[in-house]
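Derivation of every value follows stated rules applied to the coordinates shown; laboratory data play no part. Note that the coordinates shown come from a computational prediction; the quantities given were computed from them, not determined experimentally. Note that we place each Cβ from the backbone using ideal geometry, even for glycine, and neighbour counts take in every protein chain shown.
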Amino acid sequence: MPAALCDLTPVVVQGPESAAPGDRITVNLQIDNLGAVASPRFHVAIRLSLDGIMDSQDPLVATVAHRKIAADGNAQWTLRLKLPDILPVGTYHIGVVVDPGDQVPEQDEANNTLADAGTIAVFRNALIGRVKYQKGTKPVEIHALGGELAPINPGITTWIVIHGRDESSDSPDLVALAQQIDQYQSGDQVLVLDWKKAAASGLVGGQGENYIRPVAAWAAQALTEYGFAGQHLNLVGYSWGAEVAAEMSEDLGDVNSILAIDPARDYPGGSYNPDAPGEVDFQAHADHSWAFFATSSFPFGSPISASTAENTIVLTGSDHFGIVSVVTSILALPANNPVAAEFSLVSLLTGAPMPTWQPDKYSSDGSLDIASGKFDAVIVATVNGRSVAVLRYFDGAEEQTISA
């Protein structure tokens, strides 16, 4: 008569509904011993599986040991386990493999695996890091518009809004712009890059300019490691944030689009000079690009940087501090508005040609310069400098004026 053996089999595996890579999660287990003798001490491997079939190729969460289980007995316990820090986003089943090394002789070796019938949605709700310049270290973060509880999905069309000097992702004008973009089409994702500690420079300081490259490099690496591809990314930067967008696009290799709003001039004494030849080129690493430059923004906005975009627009009647609101007002116009027809975000996303104007017919002060202009059109702001009033452009024969 063959010797009696134990028979270990998992009957309960329960994990959370969602988690982020690196999170600690709670897993409830029950393992029964269906055999006629007590089991010896044994090990259990906890893995994550996309298909619910547990095998050695699935990401390992942990291997834990358990004391013996009496014949016809069971063990129930709760584990606190840490998910791998590097874990592709996705929907996983958490499961167990009892005695993964087949060290315990059992009556039935084919009943040692079980996956939770439910799934764990693995995502991050924020990408968090730190950047360094010389001896200074500052926190940075990318998170979803609308709160850090929203998951970040690298597989969909994504907009990243980047603030400028002495601002944060909560600055009201940037929030309003991000919300307007978020209304553009369902299914898109709007994220914000918050580098407020690095961008903080005081009333007249410019030390935040030194962090433009480190912030851009961190953001590009964090997005790449999380699974983002450049063709899904659309960067929206204001002031120093526009330069961050330019450097990000270069580090990423290429992005779908850049919307640069009054990119900043060089701040004297900083290590970064956006006006240096070849330093900022919005067109070079973006399939499509727009730039808005406010003529009254001196000494803040840079016509040199702005002129490197594919489509360039001069803003008169407003300044560096009102231009974000003017751009937001343009995007908020109803679809049948004649000015809105010239600035559909479809044009930015797809590179569709502007419907009516000829490019490079205006100087940076908004005057018509058919021979050597570097700007394509002029937006005139309302009296309060916060919204669009008029669009001017050259159609090949004469200057046209359209009221919003």
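Quick notes on this structure:
- Value at 222 nm in deg cm²/dmol, rounded to 500, when DSSP H runs of n ≥ 4 in the chain each add -39,500 (n - 2.57): -4500 deg cm²/dmol
- In plain terms, the chain is cut at each of the GluC sites (Glu not before Pro) found in a DSSP loop with at most 10 other Cβ atoms within 10 Å, and the longest leftover piece is 18-397.
- Efficiency of FRET between residue 254 and residue 38 - r from beta-carbon atoms, R0 56 angstrom, step 0.05: 0.35
- Extension gain for residue 383-residue 110 works out to 90.5 nm (0.36 nm per residue, less the C-alpha to C-alpha distance).
- Inter-label distance, nm, simple model (7 Å from Cα along the C-beta direction), residue 18/residue 352: 3.3 nm
- For the chain, share of DSSP beta bridges that run antiparallel, in % to the nearest 5: 65 percent
- The stretch 31-67: trypsin sites (Lys or Arg not before Pro) in DSSP coil with no more than 16 other Cβ atoms inside 10 Å: 41, 67
- Global size of the stretch 8-122: 13.8, 43 Å for Rg and Dmax (C-alpha atoms, Rg to one decimal, Dmax whole).
- Sequence-distant residues sharing a close amide H with residue 69 (under 5 Å, placed H): 39
- The Cα atoms of the stretch 124-260 cover 40, 29, 27 Å along the three principal axes, with the biggest extent listed first.
- Translational D in µm²/s for the stretch 333-388 (Stokes-Einstein at 4 °C, 1.567 mPa s, Kirkwood Rh from C-alpha pairs): 102 µm²/s
- Computed from the Cβ-Cβ distance with R0 of 56 Å, the FRET efficiency linking residue 80 to residue 341 stands at 0.45.
- For the chain, the Rg and Dmax computed from alpha carbons only, in angstrom: 28.3, 104
- Projected label distance in nm at residue 134 and residue 399, using a 7 Å step from Cα toward the beta-carbon: 4.6 nm
- Between residue 117 and residue 217, the modelled label-to-label distance comes to 5.2 nm, taking each label 7 Å out from Cα in the direction of the beta carbon.
- In this structure, the residue pairs whose Cα-Cα separation is over 22 Å, taken from 135/197; 135/196; 82/138, are 82/138.
- Database remark: amide H of residue 165 closer than 5 angstrom to the amide H of 240, 241 (H placed geometrically; neighbours at sequence offset of 5 or more, or on other chains; Pro and chain starts carry no H).
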